Amino acid sequence: MSAPPSLPTAAVWSDLLDTALREDIGTGDVTSQLTIPADQLATAQIEARSDLVYCGWEVAREVFIRVDSSLECHCVPREGERVSGGSVLAKIHGNLRSILAAERTALNFLGRLCGVATHTRRFVDAIAGTSAKIVDTRKTIPGWRELDKYATAMGGAINHRIGLFDAILLKDNHIAAIGDVAAAVKTARERAPKHLWLQAEVESQADAVAAAEAGADSILLDNLPPDAMREIAQRLGARLVIEASGGIDLDNVRAVAETGVHRISIGALTHSAPVADVALEICDGGVAA
């Protein structure tokens with residue numbers, strides 16, 4: 001069994017948390033300040049309101065700790081675990097004003113990350129038993145790139161390139177600017193550092209063959225019908241990595257996987273993932289400290 005994905009270091013998402021807390025709390029939670037004694041303690045729990053893949057607890061926990069470092073925060077399920085609606089996800093104990101001040105920001109992060117992981121797992125489950133792998137894209141919320149990709153990995157997907165800097169992907173506009181796919185691949189290959197993965201987007205079997213012969217590591221089949229994907233996979237699948245993309249959803253992803261492509265990249269994993277329904281409830285209102 002492969003090791004679970006690692007959460008990006010806090011340095012990656014620390015500023016996001018600060019921005020989120022600043023925009024929500026501002027100069028202070030006036031409602032709690034007016035209605036709750038400053039020293040009142042309580043125990044709260046975060047609950048799943050629907051089935052989900054648990055993801056992002058350490059980020060949510062950090063929100064509570066930044067608001068009040070004395071809060072006691074405990075995770076219940078394991079990261080990446082499938083959780084049924086109604087399950088308790090975490091428990092928080094401490095100053096009630098602090099818990100309520102952190103609540104919405106923590107749930108925003110947790111709901112987003114659980115949502116992406118859960119949506120991704122649906123695609124992974126849909127192609128179970130095939131040799132294809134689900135791959136994410138760069139269609140992420142600005143500033144959330146590494147967290148979104150952590151969540152897709154927690155859902156069972158493979159991360160594509162992080163950005164424009166860590167792999168070469170010759171898309172239609174690059175190819176049009178140079179003239180044809182073979183010339184684009186050759187130009188990039190001649191100039192690129194050897195360690196950079198080189199992938200070319202193609203829209204026909206002829207272009208797929210040309211890209212392979214020019215030295216591409218992978219071809220990206222853009223919006224091709226399954227029959228065309230199958231023919232290309234049979235012809236070139238032993239020579240390079242074949243990835244399908246464009247117009248793929250839960251209704252047709254298995255048919256795409258069964259064509260023999262190695263990878264299926266899906267922007268919807270991140271750009272259309274529903275936020276998971278998670279909520280915080282006070283289970284013990286406690287007394288003044």
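Derivation of every value follows stated rules applied to the coordinates shown; laboratory data play no part. All of these numbers come straight from a predicted model, not from anything done at the bench. Note that we place each Cβ from the backbone using ideal geometry, even for glycine, and neighbour counts take in every protein chain shown.
Brief remarks on what is shown
- In this Cβ point-charge picture (+1 for Lys and Arg, -1 for Asp and Glu), the chain has a dipole of about 600 debye about its Cα centre.
- Estimated [θ] at 222 nm from DSSP helical runs (n ≥ 4, -39500 (n - 2.57)) normalised by residues in the chain, nearest 500: -13000 deg cm²/dmol
- DSSP bridge pairs, the chain: antiparallel proportion in percent, nearest 5: 50 percent
- Model label points for Ser272 and Asp172, set 7 angstrom from Cα along the Cα-to-Cβ axis, are 1.8 nm apart.
- When the charge dipole of the stretch 125-271 is built from unit charges on Cβ atoms (+1 for Lys and Arg, -1 for Asp and Glu) and taken about the Cα centre, the candidate among Ile266, Asn223, Val135 whose Cα reaches farthest toward its positive end is Val135.
- In terms of other Cβ atoms within 10 Å, Leu34, Leu269, Leu21 run from fewest to most in the order Leu34, Leu21, Leu269.
- Stokes-Einstein D in µm²/s, Kirkwood radius over Cα pairs - the stretch 24-167 at 10 °C with 1.306 mPa s viscosity: 96 µm²/s
- In a reduced charge model with +1 at each Lys and Arg Cβ and -1 at each Asp and Glu Cβ, the stretch 125-271 shows a dipole moment near 480 debye about its Cα centre.
- With N the number of residues in the stretch 125-271, Rg(Cα) / (2.2 N^0.38 Å) evaluates to 1.01.
- Given the alternatives [x] 1.02; [y] 0.94; [z] 1.09, Rg/Rh (Cα atoms, Kirkwood Rh) as computed for this entry is given by [z].
- Straight-line cross-link partners of Lys186 among the lysines, defined as a Cα under 28 Å from its Cα and at least 8 positions apart when in the same chain: Lys133, Lys139, Lys171, Lys194.
- Residue exposure sequence - Thr152, Thr105 - by fewest surrounding Cβ within 10 Å: Thr105, Thr152
- For Thr270, Thr27, the sequence from fewest to most other C-beta atoms within 10 Å is Thr27, Thr270.
- Förster-model FRET efficiency, 35 Å R0, Ala10 and Ala183, C-beta, rounded to 0.05: 0.20
- Inter-part distance where the stretch 80-123 and the stretch 240-289 are each reduced to a Cα centre, Å: 16 Å
- Amide H contacts under 5 Å for Ala244, placed H, 5+ residues apart: Leu221, Arg263, Ile264, Ser265
- Extension gain, Asn159 back to Cys283 (0.36 nm per residue minus Cα-Cα distance, nm): 40.8 nm
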